[in-house]
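Beneath this line is the structure, given in structure tokens, with notes to follow.
The values are calculated or read from the model by the stated rules, or taken from the named source; none is laboratory data. Predicted, not measured: the structure shown is a model, and the values here were computed from it. No Cβ is skipped: glycine too gets one built from the backbone with ideal geometry, and neighbour counts run over all protein chains shown. What goes into the accessible areas is simple: the full protein's heavy atoms, side chains included, and nothing from ligands, DNA or RNA. Shrake-Rupley method; radii C 1.70, N 1.55, O 1.52, S 1.80 Å.
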Amino acid sequence: MANSYDTGRLNLPFVGIATFGKRAYVEDWSQIDAEVAVMGAPYDFGTQFRAGARFGPRAVREASTLFSFGHAGAYDHEDDCTYLPQSVRIVDIGDADIVHTDTAKSHANIRAGVEAILKSGALPVVIGGDHSVNIPCIEAFAGHGDIHILQIDAHLDFVDERHGVRVGHGSPMRRAAEKDYVKGITAVGIRNVSSTAKDGYEAARAMGDDILSVRQFRALGAEAVAKRIPKGARVYVTIDIDGFCPSIAPGTGTPSHGGFLYYEVLELLQQVARTHEVVGMDLVEVAPDYDPSQSTQILAAQVLLNFLGFIFHAKGFR
């Protein structure tokens, strides 16, 4: 399909409203009609160190305008195919309402947004926010069949309870593992001094968590790691931006050196899109104030758009 620059608006990245990828905004959540619906979850009260991920959704949306060129999709010369053609309808439904200091209400509002997306038949894409926003995202999948979680992260996030807190950003994978419809977790990128104690790792493995460090991932390769996800599993992907090395993604609250580089994650996501049904995703912990270069949010936007391209190319969208 030819581009429409000659007949349509030029629509440069710095022009207009910064929805995700400069796609249409849908305010009424009962009127979602698309293949993909993107929602922000600007909640960061679950952090245990540096806050600021509440500004992640806004920053990632703005960064995504850099990739809003391509009126005829995004051609990849290495793969010799065009990703995200116009037939892949993506909408931005805005943000879940966050009630300051009220975790229960904020999480309930995030869950309601994901439920609305699932009801519409669209693929939910949630931009956090701290990693605790994954908790209501996974809760929204109750009644929608079994899922397997692929976690890309520096930290295990398997804390059960600390001083009565069960829904912080160190707990989402523990809360997920407790759900009867979550049949397993593949955690990649886990490394170094962790926020989870040894007994947390033991509990995670006992509850079906397959844990790989960055070095273990590199020794195996993306294709072999993707094969560790059970065949036929419906996969929900949660990406903590601190899974990447802070040399390329410093804008996060809990940076951890030794992380992934861009193509390592991209190749894993491409393999998973080819071999499994992806049913939802979130990308969390972008805290833009810690990265004046804006590279972190650009990386986040680029990863999400590429992953969506892989998913719908595998579904036959051309």
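When the gyration tensor of the chain is built from Cα positions, what are the square roots of 5 times its three eigenvalues, in whole Å, from largest to smallest?
Numbers: eigenvalues 165, 93, 76 Å².
Largest first, the chain gives 29, 22, 20 Å.
Heavy atoms only, probe 1.4 Å: what % of the accessible area of the chain goes to carbon and sulfur, would you let me know? Walk me through the intermediate numbers first.
Working: 7090 of 13900 Å².
Ligands and nucleic acids excluded, carbon and sulfur give 51 percent.
Between segment 271-288 and segment 79-101, what is the C-alpha centre distance in whole Å?
The distance from the Cα centre of segment 271-288 to that of segment 79-101 comes to 12 Å.
Given the options Leu261, Leu220, Leu269, state which has the largest fluctuation in a GNM of the chain using a 10 Å cut-off (strictly under) for Cα springs.
Leu220
Working from the pairwise distances between different alpha carbons, so that the mean of 1/r is found and then inverted, what is segment 176-318's Kirkwood radius in Å? Working shown, then result.
Numbers: mean 1/r = 0.0626 Å⁻¹.
Answer for segment 176-318: a Kirkwood hydrodynamic radius of 16.0 Å.
Strictly greater than 15 Å: what percent of every Cα pair in segment 118-159 meets that?
Working: 443 of 861 pairs.
Within segment 118-159, distances greater than 15 Å cover 51 percent of Cα pairs.
How far is helix 103-120 tilted, in degrees, relative to the longest principal axis of the Cα atoms in the chain, given as a value from 0 to 90 rounded to the nearest 10?
With rounding to tens, the tilt is 50 degrees.
Would you please give the residues with an amide H less than 5 Å from that of Gly94, counting only those at least 5 places away or on a separate chain, with H modeled from the backbone geometry?
When sequence neighbours closer than 5 places are left aside, the close amide H contacts are Val26, Gly40.
Taking just the C-alpha trace of segment 40-119, give me its Rg and Dmax in Å.
Cα-based Rg and Dmax for segment 40-119 come out at 16.7, 49 Å.
Of all trypsin sites (Lys or Arg not before Pro) in segment 160-243, which ones are in loop regions per DSSP and have a Cβ with at most 11 other Cβ atoms within 10 Å?
Details: sites: Arg162, Arg166, Arg174, Arg175, Lys179, Lys183, Arg191, Lys198, Arg205, Arg215, Arg218, Lys227, Arg228, Lys231, Arg234; in loops: Arg166, Lys179, Arg191, Arg228, Lys231.
Passing both the DSSP loop test and the Cβ count: Lys231.
Mind checking the angle between helix 295-314 and the chain's longest principal axis? C-alpha axes, 0 to 90 degrees, to the nearest 10.
80
From the helices alone, meaning DSSP H stretches of at least four residues, give me the mean residue ellipticity at 222 nm for the chain, per-run term -39500 (n - 2.57), in deg cm²/dmol to the nearest 500.
Values: 9 runs with 95 residues, N = 318.
Rounded to the nearest 500, the figure is -9000 deg cm²/dmol.
Between Ala197, Ala187, Ala116, which gets the highest mean-square fluctuation from a Gaussian network model of the chain, Cα cutoff 10 Å?
Greatest mean-square fluctuation among the candidates belongs to Ala197.
What residue among Glu202, Glu264, Glu285 shows peak mean-square fluctuation when the chain is described by a Gaussian network model with Cα springs under 10 Å?
Fluctuation is largest for Glu202.
Kindly report the accessible area of segment 163-212 per residue (heavy atoms of protein chains, probe 1.4 Å, no ligands, DNA or RNA), in Å².
Details: 2320 Å² over 50 residues.
Computed with neighbouring chains in place, this is 46 Å² per residue.
Among residues other than Tyr43 whose Cβ falls under 9 Å from its Cβ, what is the net charge (Lys/Arg +1, Asp/Glu -1)? Intermediate results must be reported in sequence, preceding the final value.
Details: positive: Arg54; negative: Asp44, Asp130.
Spelling it out: positives minus negatives among the neighbours equals -1.
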